[in-house]
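Structure first, then comments.
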Amino acid sequence: QVQLVESGGGLVQPGGSLKLSCAPTGIIFSVGLMAWYRRAPGKEREFVASITVPGRTNYADSMQGRFTISRDNPKRTSYLQIDNLQPEDTAVYYCNADVTIGVATPTSRGNYWGQGTQVTVSS
């Protein structure tokens, strides 16, 4: 069974930074596109950024500048660096990834979500 495990959330003061991490656990053959989403209180989940295996990135228009997505392919881990955090960035941040399951050969592929990590920006 595949799970995406996020970490790095927490309470931070306005202007601070955080770096979120996401890695799959289970019998993983490969990881494809990885992405981050967030859900602020009272709002729907929204796209933040995505990154392909070669490293091509895509950001939501409103996330340009302060958000940086990256990945470490040998570690099968994606990261979301958030700088100059503002109270409106308070949200649960979710990792999403296309994961192929298998040992020596691929057996199945699916899209998975993490359980979310809380980011709270407050003084």
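The values are calculated or read from the model by the stated rules, or taken from the named source; none is laboratory data. Since the model is a prediction, treat every value here as computed from it, not as a measurement. Cβ atoms come from the backbone with ideal geometry, glycine included; neighbour counts cover every protein chain shown. Just the protein is used for accessible areas: all its heavy atoms, side chains included, with ligands, DNA and RNA removed. Shrake-Rupley method; radii C 1.70, N 1.55, O 1.52, S 1.80 Å.
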- Compute the accessible area per residue over the chain, keeping the other protein chains in place, probe 1.4 Å, unit Å². 53 Å²
- Among Tyr94, Thr105, Gly42, pick out the residue whose Cα is farthest towards the positive end of the charge dipole of the chain, where Lys and Arg carry +1 and Asp and Glu carry -1 on C-beta, about the Cα centre. Thr105
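Only Lys, Arg, Asp and Glu count, each charged at its Cβ (+1, +1, -1, -1), so figure out the dipole size of the chain about its Cα centre, rounded to 20 debye. Before the final figure, lay out each step's value.
Working: 11 positive and 9 negative charges, 52 e Å.
In total the dipole reaches around 260 debye.
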- Looking at the chain from every direction and averaging, what is the projected area of its Cα convex hull in nm²? 7.3 nm²
- Take the solvent-accessible surface of the protein heavy atoms, probe 1.4 Å, and return the percent of it on the chain that carbon and sulfur atoms account for. 48 percent
